[in-house]
Amino acid sequence: MAQDPGDIRRPGRPAVVAHRGASADRPEHTIGAYELALAQGAEGLECDVRLTRDRRLVCIHDRTVDRTSSGTGVVSEMTLAQLQELDFGSWHPHGRPATVLTLAELITLTLDHDRPARLFIETKHPVRYGGQVEDLVLEELKRFKVASPPSVDHSRAVVISFSTVGMWRIRRQAPMLPTVLLGDAATLLRGVAATSVGATAVGPSIAMLRDRPEIATRAAMSGRATYCWTVDERTDVTHCARYGVDFVATNHPDRVLRWLESTPS
Ligand code: G3P
Ligand code: CA
């Protein structure tokens, strides 16, 4: 593959996506975790998004704030102002006080970086506000002028989900935006779901790809990329590279980049 300055993919190896930021070294979904990932050389950033009671998009994985903040409660029942009163950093062994991260702040960080980086935004389902999450993600991407990229390979944003309905909502409203359909091995191997929602990539877990590496080869034959998560072990990184995986999501972008760069392609 010839190197293209606008394309985050790298010749002969998967591009490295920081899963929830450099989340082994910093508290997940904090600005510090994403700044560190970019400083370490990650080519992509992954985040989960949820809607608050006042319909603001925040980067939080769990349904509640209990595990990752100083507070308790359900994200969808809290306002952004209430979330902003909590500390999302100190729970982590390498953490310090940090505020909740909004999707807008993370898009800004991604677009302001001094080399192209791509943001993989995961919408969670089922959720209280249903399809509003995809509608508001798209609204935000339009506001930042990244909802209609010139091509899939030059997109600064990707929407990913286990929900086929969620993927279809994106495809219907933003046909140029890349999407990753996550799912079980049988679903991803058959390819029918990915085809019917127009997904540009499939997203197996590393456990699935260890057992069924043909998920990646079949996806490539169908013109789809493969995004594999969460790839933290060296043998798994080698496995992904061998089977032509395009993107690996990892909690350890620094060491995965080191391994990939020291492994002959
Ligand atoms: O990147 C996909 C992966 O993050 C899905 O699992 O639970 O970590 O969001 P989860
Ligand atoms: Ca995720």
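Return the FRET efficiency for the residue pair SER90, ARG55: r is the Cβ-Cβ distance, R0 is 22 Å, and the value is rounded to the nearest 0.05.
The value I calculate is 0.20.
Out of ALA98, ALA186, ALA24, any idea which swings most in a Gaussian network model of the chain, alpha carbons joined below 10 Å?
Between ALA98, ALA186, ALA24, it is ALA186 that shows the largest mean-square fluctuation.
Could you please state, rounded to a whole Å, how far the C-alpha centre of the range 164-212 is from the C-alpha centre of the range 21-40?
Cα centroid to Cα centroid, the span is 26 Å.
For the chain, take the longest principal axis of its alpha carbons; what is the angle in degrees between that and the long axis of helix 253-262, to the nearest 10 within 0 to 90?
Taking the Cα atoms of the chain, the angle to 253-262 is about 20 degrees.
Spelling out what I want: for every residue of the range 176-188, take phi, set θ = phi - 60°, compute 6.51 cos²θ - 1.76 cosθ + 1.60 (Karplus), and round to whole Hz; glycine and proline get x.
8, 7, x, 9, 10, 8, 7, x, 7, 4, 4, 4, 6
Keeping all protein chains in the complex and leaving out DNA, RNA and ligands, what accessible area do you get for SER222 with a 1.4 Å probe, in Å² to the nearest 10?
Near enough 70 Å² of accessible area.
What angle do you read, to the nearest 10 degrees and between 0 and 90, between the alpha-carbon axis of helix 31-40 and the longest principal axis of the chain?
30 degrees
Report the chymotrypsin sites (Phe, Trp or Tyr not before Pro) located in the range 139-204 that are in a DSSP loop and have at most 11 other Cβ atoms inside 10 Å of their Cβ, or state none.
Taking the range 139-204 and a limit of 11 other Cβ atoms within 10 Å, no loop chymotrypsin sites (Phe, Trp or Tyr not before Pro) are found.
Measure off 7 Å from each Cα along the Cα-to-Cβ vector at ARG128 and THR217, then give the distance between these two points in nanometres to one decimal.
Going by the 7 Å Cα→Cβ label model, 4.8 nm.
List residues of the range 23-59, by number, whose backbone nitrogen lies under 16 Å from a label position 7 Å along Cα→C-beta of ARG67.
What the label zone holds, given the 16 Å backbone N cut-off, is 23-30, 47-50, 59.
Just reorder TYR129, TYR227 by solvent-accessible area, largest first, 1.4 Å probe, all chains present. Present the calculation step by step, with values, prior to reporting the outcome.
Values: TYR129 35, TYR227 5 Å².
The most accessible residue leads, giving TYR129, TYR227.
Rounded to the nearest 0.05, what FRET efficiency do ARG190 and THR235 give with R0 = 30 Å and r taken as the Cβ-Cβ distance? Could you check?
My answer for the efficiency is 0.65.
Given a 1.4 Å probe, how much area per residue of the range 97-174 is accessible, in Å²? Before the final figure, lay out the partial values.
Values: 3530 Å² over 78 residues.
Value returned for the range 97-174: 45 Å² of accessible area per residue.
Given H placed on each backbone N at 1.01 Å, which residues far from GLY131 in sequence or on other chains put an amide H within less than 5 Å of it?
none
Tell me, what % of the accessible area of the chain is carbon and sulfur with a 1.4 angstrom probe?
Percent of accessible area from carbon and sulfur atoms in the chain: 51.
Once the convex hull of the alpha carbons of the chain is built, what does its volume come to per residue, in cubic angstrom?
117 Å³
The values are calculated or read from the model by the stated rules, or taken from the named source; none is laboratory data. Quick caveat: nothing in here was measured; it's all calculated off a predicted structure. We place every Cβ from the backbone using ideal geometry, glycine too, and count neighbours over all the protein chains shown. The protein model used for the area step is the full one, side chains on, heavy atoms only, and it has no ligands, DNA or RNA in it. Shrake-Rupley method; radii C 1.70, N 1.55, O 1.52, S 1.80 Å.
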